[in-house]
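Inspection log for the structure reproduced underneath, given as structure tokens.
The values are calculated or read from the model by the stated rules, or taken from the named source; none is laboratory data. Predicted, not measured: the structure shown is a model, and the values here were computed from it. Glycine gets a Cβ as well: all are built from the backbone with ideal geometry, and neighbour counts include every protein chain shown. Heavy atoms of the whole protein, side chains included, go into the accessibility calculation; ligands, DNA and RNA do not. Shrake-Rupley method; radii C 1.70, N 1.55, O 1.52, S 1.80 Å.
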Amino acid sequence: MNSSGDVPAPHTLRDYALLADGERGALVGPRGDLVWMCAPAWDSEAVFAALIGGPGWYTVAPAEPFVHGGYYEQGGLIWRSRWITTGGIVECREALALPGDPHRLTVLRRVMAVDGDARVGVRLHPAAGFGRRPLNEPHRDEEGRWTGRAGELHLRFTGAPGAGPADPDHPGLGAELRLAAGTHHDLVLEISDLPLPAPEPADRLWRATESGWAARVPDLRGALGVRDARHAYAVLSGMTGPGGGTVAAATTSLPERAEQGRNYDYRYVWIRDQAYIGQSAAATGPYELLDGSVRFVTERLIEHGPGLAPAYLRCDGRAGARPAHPRPARLPGRLRRRRQPGQPPVPAGRVR
């Protein structure tokens, strides 16, 4: 049981839900804390890095004590956080909007008072560059939308016109939403490395996202365990860029063993994994993931020949660069268990 607070407490990694749109991914914890997301791309620096001990998070959770749960809607990566509070039931529908844009991401969060009235706390603390560049000079326009910059990133936050400074130690915005039973409230966060276009209504963004997942994920009626197979396909689709490359994971610097030096950045496209994905897609169909895997690997072979690297930074093949040299992020790293700290993060570690 817990209530919404400021700095998110860590959870076991399996307790986080993955949101993805093909261009980047985000992790949402059971207390409504979005604690990991790189922007604008998978291999960009994190704008939310609380998962590995850095600044940056975006929390939406009941303002009263609760027990938590949640589930994915079938056939996509739309997550529903669900909280049983002392006064009723609150849910938050969460997704990265589709179609994915290489420069702009949109985080959709729809808060719903399922049973009883609801009070919900909102805390937005973006910090680009793994925490080095926090939100700067947020401004509210005449429509109640907040805009600002975090380093080179442009941000727009819609749905919290009454927000204000939340914490002097962590630049950002805080608000409390009050919902009558049976109603909902939309929050839309946009982040881009280019100037943002005109905003779109939340309903339109949700419809496009629902249609996008319906088009991406097949029925797979011939598979064993259809629901699990469809979810696995959705995960692979969400982690696959337009060039056909599929990243190994959304995260970086989650050590396999504390203080053992095995500290990896998983935001790569591994040639080995790409072959496994292609074989799986060939066995089950349809063949979009197979075609993407073949295309990505073929282009890398043509580009690098005998110098083929084991992994590549970009899942769409842009620039076709080999993995970069290690770049320490000067963060504490993820805590694996009590009294056993994680290794300091090393984004873009060398792949051997």
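Looking at the range 115-169 only, could you name the residues that are part of a loop (DSSP other than H, G, I, E, B), of a type in the set (A, V, I, L, M, F, W, C), under 22 Å from the mean Cα position of the chain (by Cα) and over 26 Å from Thr251 (Cα atoms)?
Applying the first criterion (part of a loop (DSSP other than H, G, I, E, B)) to the range 115-169 yields 116-117, 126, 129-132, 135, 141-145, 151-152, 159-163, 166-169.
Next, from what is left, pick out any that are of a type in the set (A, V, I, L, M, F, W, C): 130, 135, 160, 163, 166.
Imposing the further condition that a residue be under 22 Å from the mean Cα position of the chain (by Cα) reduces the set to 130, 135, 160.
Within the range 115-169, Ala160 is the sole residue that qualifies.
This table checks each residue for (1) closer than 24 Å to Glu45 by Cβ; (2) of a type outside the set (Ser, Thr, Tyr); (3) touching a strand residue (DSSP E or B) at 6+ places or on another chain (Cβ under 7 Å).
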site: Leu98; (1), (2), (3): yes, yes, no
site: Pro102; (1), (2), (3): yes, yes, no
site: Pro126; (1), (2), (3): yes, yes, yes
site: Leu155; (1), (2), (3): yes, yes, yes
site: His185; (1), (2), (3): no, yes, yes
site: Leu196; (1), (2), (3): yes, yes, yes
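Restricting the range 170-194 to residues that are modelled with pLDDT of 95 or more, closer than 24 Å to Gly131 by Cβ and in a loop (DSSP other than H, G, I, E, B) leaves a set whose member that is least open to solvent (accessible area, probe 1.4 Å) is Asp193.
If you check Leu187 against the conditions, is it under 23 Å from the mean Cα position of the chain (by Cα) and in contact (Cβ under 8 Å) with a residue 12 or more places away in the chain? Reasoning before the result, please.
Details: under 23 Å from the mean Cα position of the chain (by Cα): yes; in contact (Cβ under 8 Å) with a residue 12 or more places away in the chain: yes.
Yes.
Counting only residues that are within 23 Å of Gly100 (Cβ to Cβ) and either touching a Leu at 6+ places or on another chain (Cβ under 7 Å) or at pLDDT 65 or above (or both), how many does the range 302-323 have? Please lay out each step first, then the result.
The initial filter retains those residues of the range 302-323 that are within 23 Å of Gly100 (Cβ to Cβ), namely 311-321, 323.
The next check asks that each one be either touching a Leu at 6+ places or on another chain (Cβ under 7 Å) or at pLDDT 65 or above (or both); those that pass are 311-314, 321, 323.
Residues meeting the conditions: 6.
Scanning the range 46-75 for residues that are outside any strand (DSSP E or B), touching a helix residue (DSSP H, G or I) at 6+ places or on another chain (Cβ under 9 Å) and surrounded by 24 or more Cβ atoms within 10 Å (Cβ to Cβ) yields Leu51, Gly56. Listed conditions (1) in contact with a strand residue (DSSP E or B) (Cβ under 6 Å, 6 or more places away or on another chain); (2) modelled with pLDDT of 95 or more are all met by Ala50, apart from (2).
Considering every residue within the range 293-301, establish whether at least one is loosely packed, with under 14 Cβ neighbours inside 10 Å and either at pLDDT 60 or above or small (Gly, Ala, Ser) (or both). Yes, the range 293-301 contains a residue that is loosely packed, with under 14 Cβ neighbours inside 10 Å and either at pLDDT 60 or above or small (Gly, Ala, Ser) (or both).
Among the residues here, Thr183 does not qualify as within 30 Å of Gly151 (Cβ to Cβ) and among the polar types (S, T, N, Q). Selection of the range 195-227 for residues being assigned to a loop (DSSP other than H, G, I, E, B), over 23 Å from Arg149 (Cβ atoms) and either open to solvent by 20 Å² or more (accessible area, probe 1.4 Å) or without any contact (Cβ under 8 Å) to a residue 40 or more places away in the chain (or both) yields Pro201, Pro218, Asp219, Leu220, Arg221, Gly222, Ala223, Leu224, Gly225. Determine if the range 336-348 includes at least one residue that is open to solvent by 20 Å² or more (accessible area, probe 1.4 Å) and either farther than 30 Å from Gly131 by Cα or at pLDDT 55 or above (or both). Scanning the range 336-348, I find no residue that is open to solvent by 20 Å² or more (accessible area, probe 1.4 Å) and either farther than 30 Å from Gly131 by Cα or at pLDDT 55 or above (or both), so the answer is no.
Within the range 265-288, residues that are farther than 24 Å from Ala215 by Cβ have Cβ atoms under 8 Å from residues that are β-branched (Val, Ile, Thr) and in a helix (DSSP H, G or I) in these pairs: Ile271/Val297; Ala275/Val297, counting only partners at least 6 apart in sequence or on another chain.
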